[in-house]
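Okay, here's the structure, questions in a sec.
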Amino acid sequence: MNKRILPVFLLLFVFLLPAYPQQAPFSRGINLTNWFQSPSAAELVFGKYTKESFEEIQSLGVDVIRLPINLHNMSDGAPDYTLSPIFLNFLDQAVDWAEEVGIHLILDNHTFDPAVNTPVNIDEPLLKVWKQLAGRYANRSEYIHYEVLNEPHGISNAIWSAIQQAVIDTIRTVDQTHSIIVGGVDFNGIDRLNDLPVYSDTNLIYTFHLYDPFIFTHQGASWVDPSLVDLANIPFPYEQSRMPNLPSTYQGTWIENVYNDYSNSGTVAALQNRINIVSQFRQNRNVPVFCGEFGVFIPNSNNSDRVFWYDQTRRILEAANISWTIWDYEGGFGIYNENGNGQINHDLNIGITNALGFTAPPQTPFVQSPDSSGIMIYSDFLGQDIEPANNGGQEINYYVEDFAAYGDYHVKWRGPAQYEHLGFDFKPNRDFSFLLNNNFALDLFIRGTNPTTEFDIRFLDSFEPTGGDLPWRMRVKVDASDVSWDGKWNHLHIPLSSFTEHGSWDGSTWHDPRGEFDWTKIDFLEIVSEYKNQQGFDIWFDQIQITNQDTAMTTTSIEETFPAGSLSIFPNPVKHQLQIISQWEGPLQFELWDSMGRLQMEGNIRQRKRLNMQELAPGIYLLKIRDRDRYQSIRRLWKE
């Protein structure tokens, strides 16, 4: 062959090859729901997940987390939609964890209500929140991605397409690097992908959601119109002999039409046809595509059918080289058993995880063992495995910044009516028997301004309604004899042994004490306005914990010459990782000394520092921080 012809031949061969569609930079993952989806930054339960949670998720074989955020609710609203510093502080940590672990993180604007149409002026908050968020993370790694808005609906394609282009352009004024995830109307429906314009930006990922067949994946869902709560045991794939009768409430509705067509739509072939539409769109546009959500609601579906559906859907997506994140992780569509506690070594639905191609750790039965060390319930945020369990309509703010007893934030309980409570739910339940017998106490800081303030603090044990067991209570009363309600912080150290049995309320009947309270099955801690309506005034709490230490000493600064707000050091007590955030302009030096005067750590601080305390022995430590001039901070820390 003439060698002078060879390069021309190869060049022609390359141009004749079909263009291979682009791929997303990640492959499989989960939606980490009910974390940043709170109604406001003040109600965000940040302690729900940690860096260790990210590592556990990654260990399943996951390389991407889609993080739904009620983004507009994290702002101060119109006209500026300024994002809350509290929210940004917590999101910074989630971004840090993703980068440190090496897992992709999609910041999904999930300001979304399926029952409310996307307003035509949605561009007002969208442009403002995204300019702030993209500007903040513009210099972050390639692991971070932006998703414009989850499931726009009830808005015309033309209006939404123009708004989405404006958002893309706004992001690009501050961030030209990170990929942007865009989607179509009708809830990011597959059938509306082709209606999206050909956006000029070359760093976009096009998303869609897959919940076909809908009466199978959403049976039992209450947020659908009409509600599907009465629909149960729809099989997948379709089997005539297993089909339940259609409840009469659905006759004459769209559900009846879908039910009658289920022999066609409830098949693997129908699923494949839906993905074929996506594959054709990707081929025609030569753009990366991404299935941001798919899943089956747990309560009314058969588990073996769920497993089969996940297996087939995942295989179809992966055969088409389409990346995905399931909806969701621990929620109603998740990969955990319905009645578990979300523990990765005990509660995974192995059938589902195998169907998704995840690598699950060996599962063992959960055995409750007595707690033998302190428990941090609240220190700047709720402790891990503790969830809010409030009732009534009182206002609760977990992140009040002014005048904290220690750290950055404290809790404000505003105007509780009688019987309303500030509640903490232990997940899983805890065994306090060792703590009770070894002089542990409920320890907290409290302040208020109304001299008539009084309330109960109580523990509730777990119960089995069908077995005759009751939620028994142990309580103490707090009033002016314990706290000087003068607006200053008071320290309460209440031994567990000083709580007295109160009785039980089963929802309809009061039961007097019978000596049946069980310290090995602690379910809730509640601070309850037991005696009267206390609306119109506030009560504040900080550093709520179970401990055998005098936290009036361990949480107090010894010396502080830095200006207020210059240093944030939390949590205290610390179990795994201590965080130091500096607002100081210059570099700082730190030293960590134990109680015997031995230097344990030293180094420099620029803006943010994390100290790994996990290997240190429990006890009191001194943290010394200095600048190059004359400012210093010396603080006592308690290592659990």
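Full extension from Glu615 to Asn341: what is 0.36 nm times the residue separation minus their Cα-Cα distance, to one decimal in nm? Numbers along the way, then the final one.
On the way: separation 274, 0.36 × 274 = 98.64 nm, distance 2.71 nm.
Gain on extension, Glu615 to Asn341, equals 95.9 nm.
Find the Rg to Rh ratio for the chain, where Rh is the Kirkwood radius over alpha-carbon pairs and Rg uses the same atoms.
Numbers: Rg = 27.6 Å, Rh = 27.5 Å.
Rounded to two decimals, Rg over Rh is 1.00.
Roughly how many Å² is the accessible area per residue of the chain, as a whole number, for a 1.4 Å probe? It would help to have the intermediate numbers written out before the result.
Details: 27580 Å² over 640 residues.
Per-residue accessible area for the chain comes out at 43 Å².
On to the next question. Just to confirm the number: angle between the C-alpha axis of helix 123-137 and the first principal axis of the chain, 0 to 90 degrees, nearest 10?
Once rounded, one gets 70 degrees.
Moving on to the next point. How large is Rg/Rh for the range 69-207, to two decimals, with Cα atoms and a Kirkwood Rh?
Values: Rg = 14.5 Å, Rh = 15.3 Å.
Ratio of gyration radius to Kirkwood radius: 0.95.
Measure nothing but the geometry: give the 0 to 90° angle between the long axis through the Cα atoms of 6-16 and the longest principal axis through the Cα atoms of the chain, rounded to 10°.
Rounded to the nearest ten degrees, it is 70.
Quick one: the Cα spread of the range 373-504 along its three principal axes, in angstroms, biggest first?
Per principal axis, max minus min of the Cα coordinates gives 46, 33, 29 Å.
At most 10 other Cβ atoms within 10 Å plus a DSSP loop assignment makes a site exposed; report the longest stretch of the chain without any exposed trypsin sites (Lys or Arg not before Pro).
Values: sites that count: Lys3, Arg4, Arg598, Arg606, Arg628, Arg630.
It works out to 5-597.
Can you give me the angle between helix 157-172 and the longest principal axis of the chain, using Cα atoms only, in degrees from 0 to 90, rounded to the nearest 10?
Between helix and principal axis, roughly 60 degrees.
Which percent of Cα-Cα pairs in the range 143-292 sits in each 10 Å bin, short to long?
Whole-percent P(r) values from 0 Å outward: 10, 33, 29, 19, 8, 1.
Got a number for carbon plus sulfur as a percent of the chain's accessible area, 1.4 Å probe? Don't skip to the end; give the middle numbers.
Details: 13480 of 27580 Å².
Reported share for carbon and sulfur atoms: 49 percent.
The values are calculated or read from the model by the stated rules, or taken from the named source; none is laboratory data. Everything quoted here is computed from the prediction, not taken from an experiment. Heads up, the Cβs are rebuilt from the backbone with ideal geometry, glycines too, and the neighbour counts pull from every protein chain shown. Just the protein is used for accessible areas: all its heavy atoms, side chains included, with ligands, DNA and RNA removed. Shrake-Rupley method; radii C 1.70, N 1.55, O 1.52, S 1.80 Å.
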